[in-house]
Amino acid sequence: MSEKESRIGLEKFEELINQERELIAVLPTGYGKTRFFIQKHDLLDKIGKIVHSLPLQAIIFDFYNEMKKVLKDNVGYQMSLHVPEDDGKRPYLSRKYMITTVDSFLLDFYGIPVHEIFRSKWHSDIAMLFARTSNIILDEFHLLTAIDVDNVEKEFAKVISVVSNVREAVKKRNRRFIILTATLPRSLIESFKIRPLVLAPDSHPFVTNEMIRVWDNNDGFISSFSEYGMRVKTYIHTGDKRDIIKRIVKDNEGRILIVLNHIKDVEELSKELEGCVFVHGLFTNESKQRIINDIRNFNCVISTQVLEAGVNLSFDVLITDIAPAFSLIQRAGRILRTPDDIKSKEGEIHILVDDLEKQVKGVYSVEITKATYDWLNENCGKCCRMNWRLPEKDKPDYLRLILAIDKSVNNIMQKEREDINNFLNFITNIIQTPQRIIGKIDELFNGSFIRSTSLVPVILKNETASLNWSRFLSLINKKKEWDFSYLKITDDNIEERNIKISENKIYNDRPLTTMIRIIREIRRKEKVDDDLSGYITIIPKGFILPMEFIGIEKINGSEYLYVS
């Protein structure tokens, strides 16, 4: 976005952020809402400290680098990715503008410091202080998808419950609570009872009397993307998706993005399509970052959700599995992403409906996805011109699609989990030991009260990745003994060491307890204590994966590693 380009939605957002303590901004993908403070960083002196949470790791480091250019040492980040020779990573959310994953933010918010989680004592007061005295921005939090779970609806309701609890806590402390979104369903917006800002034309069905509606045909984004629906055709395909994908790829010469819901499908398709690169959530953090940077050089990319939101890439053709409305809209946001693309090109969006339940199982809600397909089938048929980037006055557009899933989302919201609310009260209002908190998280939520299960750190050669617990257990059963890597810190010296871990030391239903047990064994071996007054002398790195579990994608002489 040019500094001189008018964006009425952002101008109104700036006005409201100075007036209101709570705000939901519903603005299109690519409108500039996530990067608002890059151009308006002077507002930080007035507003105060901000923690900005994003749903996907792939976005964070690029965003951090952009913010660092204007905020210098006032910006930091927190996530599992370690960036050598960079001091922006903060153990607590301590800098003026902190960029973090939803996971890391919520752990700190409830007094569970991410970098201390496997110690016997925590600086809970410091973690909570930095998190709860900050203004909070949650950016597309509902895109935090579950992976490999039986009841996706239940997990979706869990995320909603936690965010609602955060909102109440922030409100009590008179800090700002801001949700940035292009795709938050209206029933979810209404559940917060916060008056939202919405960019939409007059009389749009998404807009209610309680909303702050803005629209101006002179808005730079509106004038640029008003022709999007005429430049981009949307096709709905039923039948064997593999054959359909091959035909579409063969018939197109532009840049193609293929997004599939399951990692297995991505890997299998990559073997059948020559000249296509692939990336998914099981790539190492380092390889994922490098391949996302390198993707601009390739005309065909196959991916899962890792390229769904916030990644500044533009393609001419999207081929995608059917998914809930909010995910399809994010994926469509990668097509003809810039005004120059709209002026000079035509685009295509192909939505594949083969076996819907199989396509979304373990990743998305079947109910929400069916509602999405039903609307597309009724309003688009086999082919239509639909605006995925901008609301239209009387034509199919993305906000109408979001409205179509409202009943399904509302049904899921009724499943709000009492066990989550009781647990959050348990760790917030009563002083508890780390051991008891960890035990409760394992017992009630399989190691995570945010995701469907705990994430386990693993090492592939010298790179790092995270596996969900169920996938990790499937690997553990294939090997009797594993090497676990850790760092030992003494004064100014850092040594990387390994310890042997046998499979009988892995608790199948206790992921966090398992990690604590391993760390204690390391401390006994190294004869170091866990005194909070000193340095963290042992830092766990993760289980070392043997080569038989490591996949390697070779592109132009470079290697990209992933868990196979």
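The values are calculated or read from the model by the stated rules, or taken from the named source; none is laboratory data. In this text the structure is predicted, and so the values were computed from the model without any measurement. Note: ideal-geometry Cβ built from the backbone for every residue, glycine included; neighbour counts use all protein chains shown.
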Exercise. Can you name every residue in segment 427-439 that is buried (at least 16 other Cβ atoms within 10 Å of the Cβ) and either under 15 Å from V166 (Cα atoms) or free of Cβ contacts under 8 Å to residues at least 60 places away in the same chain (or both)?
Worked result: I427, Q432
Exercise. Could you give every pair whose Cβ atoms fall below 6 Å, whose first residue belongs to segment 178-201 and is more than 18 Å from L401 (Cβ to Cβ), and whose second residue is in a loop (DSSP other than H, G, I, E, B) and modelled with pLDDT under 95, counting only separations of at least 6 or pairs across chains?
Worked result: L180/K33; R195/E210
Exercise. Out of K500, K480, which single residue is touching a helix residue (DSSP H, G or I) at 6+ places or on another chain (Cβ under 6 Å) and not assigned by TED's automatic domain parsing to the domain that holds W122?
Worked result: K480
Problem set entry | Any helices (runs of 4 or more DSSP H) falling wholly within segment 169-236 and containing at least 2 residues that are in contact with a Lys or Arg (Cβ under 9 Å, 6 or more places away or on another chain) and of a type in the set (G, A, S) | 220-225
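Conditions (1) within 16 Å of R213 (Cα to Cα); (2) touching a residue at least 24 places away in the same chain (Cβ under 8 Å), marked per residue:
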| site | (1), (2) |
| --- | --- |
| S6 | no, yes |
| N18 | no, yes |
| L23 | yes, yes |
| Y31 | yes, yes |
| T34 | no, yes |
| I38 | no, yes |
| D45 | no, no |
| P55 | no, yes |
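Okay, residues lined up against (1) surrounded by fewer than 21 Cβ atoms within 10 Å (Cβ to Cβ); (2) among the polar types (S, T, N, Q); (3) more than 19 Å from the chain's Cα centre (by Cα); (4) closer than 23 Å to T428 by Cα:
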residue	(1), (2), (3), (4)
S134	no, yes, yes, yes
K172	yes, no, yes, yes
P196	no, no, yes, no
P201	yes, no, yes, no
D219	no, no, yes, no
For this session: Within segment 103-122, track down each residue that is of a type in the set (S, T, N, Q) and either more than 18 Å from the chain's Cα centre (by Cα) or outside any helix (DSSP H, G or I) (or both).
Result: S120
Problem set entry | Residue among T490, T513, T537 that is of a type in the set (S, T, Y) and modelled with pLDDT of 85 or more | T513
Exercise. So is N468 buried (at least 20 other Cβ atoms within 10 Å of the Cβ), over 18 Å from the mean Cα position of the chain (by Cα) and in contact (Cβ under 8 Å) with a residue 12 or more places away in the chain or not?
Worked result: no
For this session: Check whether at least one residue in segment 453-465 is in a helix (DSSP H, G or I), in contact with a helix residue (DSSP H, G or I) (Cβ under 6 Å, 6 or more places away or on another chain) and within 30 Å of H280 (Cα to Cα), and report yes or no.
Result: no
For this session: Consider K264 carefully, then state whether it is loosely packed, with under 15 Cβ neighbours inside 10 Å and either in contact (Cβ under 8 Å) with a residue 40 or more places away in the chain or closer than 23 Å to P457 by Cα (or both).
Result: yes
Exercise. Exactly one of (1) on the phi > 0 side of the Ramachandran plot; (2) at pLDDT 80 or above is unmet by D148. Its number?
Worked result: (2)
Exercise. Just checking, which of F63, F13 is at pLDDT below 90 and touching a strand residue (DSSP E or B) at 6+ places or on another chain (Cβ under 6 Å)?
Worked result: F63
Exercise. So which helices (runs of 4 or more DSSP H) are wholly in segment 307-415 and hold at least 3 residues that are out of contact with any Gly (no Cβ under 8 Å at 6 or more places or on another chain) and either crowded, with 21+ Cβ neighbours inside 10 Å or modelled with pLDDT of 90 or more (or both)?
Worked result: 325-332, 356-360, 366-379, 398-404, 406-413
Exercise. Just for segment 1-57: of the residues that are of a type in the set (S, T, N, Q) and more than 22 Å from E308 (Cα to Cα), which one is surrounded by the most Cβ atoms within 10 Å (Cβ to Cβ)?
Worked result: Q39
Exercise. So which residues in segment 416-441 are assigned to a loop (DSSP other than H, G, I, E, B), farther than 24 Å from T369 by Cβ and not aliphatic (A, V, I, L, M), if there are any at all?
Worked result: Q432, T433
Exercise. Out of segment 262-306, which residues are under 25 Å from F63 (Cβ atoms), of a type in the set (S, T, N, Q) and outside any loop (DSSP other than H, G, I, E, B)?
Worked result: N285, S287, Q289, N293, N297, S303, Q305
